[in-house]
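Note sheet for the following structure.
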Amino acid sequence: MPKIRLNTKALAKLQKQKGWDDGELCKQIGIDRAHLWRLRLPADDPRYNAPGEIFIAGALKAFSEKSFEELFFLDNNIAGPKLGLSNK
């Protein structure tokens with residue numbers, strides 16, 4: 001099943017254009033810094049946090065000039081965090 005992923009490169013570019021540090025970015029989106037840190041991790045990291053409704057809505061509000069497709073993408077290759085499960 002496809003998963004919504006954050007386009008971290010696009011977010012970093014927009015953040016730089018706005019002159020926002022991570023604290024201001026989090027304030028504008030309505031999340032805490034730990035949430036932002038987890039969003040930036042690779043999808044296979046067990047600490048990874050996929051963007052949820054609050055983040056998506058906040059990012060679209062903070063960067064209202066950008067479309068959903070510019071900030072996010074569908075990833076069909078995410079297997080999820082490695083949980084140590086076997087097929088046995």
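Bear in mind that the values in this text are calculations on the coordinates, not laboratory data. Remember, predicted model here, so these are calculated numbers, not experimental data. Quick reminder, even Gly has a Cβ in these numbers, built from the backbone with ideal geometry, and neighbours come from all protein chains shown.
Of Ile56, Gly19, Pro42, whose Cα points farthest to the positive end of the dipole of the chain (charges on the beta-carbon: +1 Lys, Arg; -1 Asp, Glu; origin at the Cα centre)?
Positive-end residue among those listed: Pro42.
So which helices of the chain fit the span-like rule, where a helix is a whole DSSP H run, its Cα atoms reach 27 Å or more along the axis, and its mean Kyte-Doolittle is at least 0.0?
Working: long enough: none.
Counting only whole DSSP H runs, no helix qualifies.
Quickly estimate the mean residue ellipticity at 222 nm for the chain, helices only: each DSSP H run with n ≥ 4 gives -39500 (n - 2.57), and the total goes over all residues, rounded to 500.
Using -39500 (n - 2.57) per qualifying helix, the result is -12000 deg cm²/dmol.
Please give me the summed charge of the neighbours of Pro51: other residues whose Cβ is under 12 Å from its Cβ, Lys and Arg +1, Asp and Glu -1.
Every neighbour counted, the sum reads +2.
Lys and Arg at +1, Asp and Glu at -1: add these up for the other residues within a Cβ distance under 15 Å of Ile31 and post the number.
0
Students often get this wrong: which residues of the stretch 33-51 have the backbone nitrogen under 11 Å from the point 7 angstrom along Cα-to-C-beta of Phe68?
It comes to no residues whatsoever.
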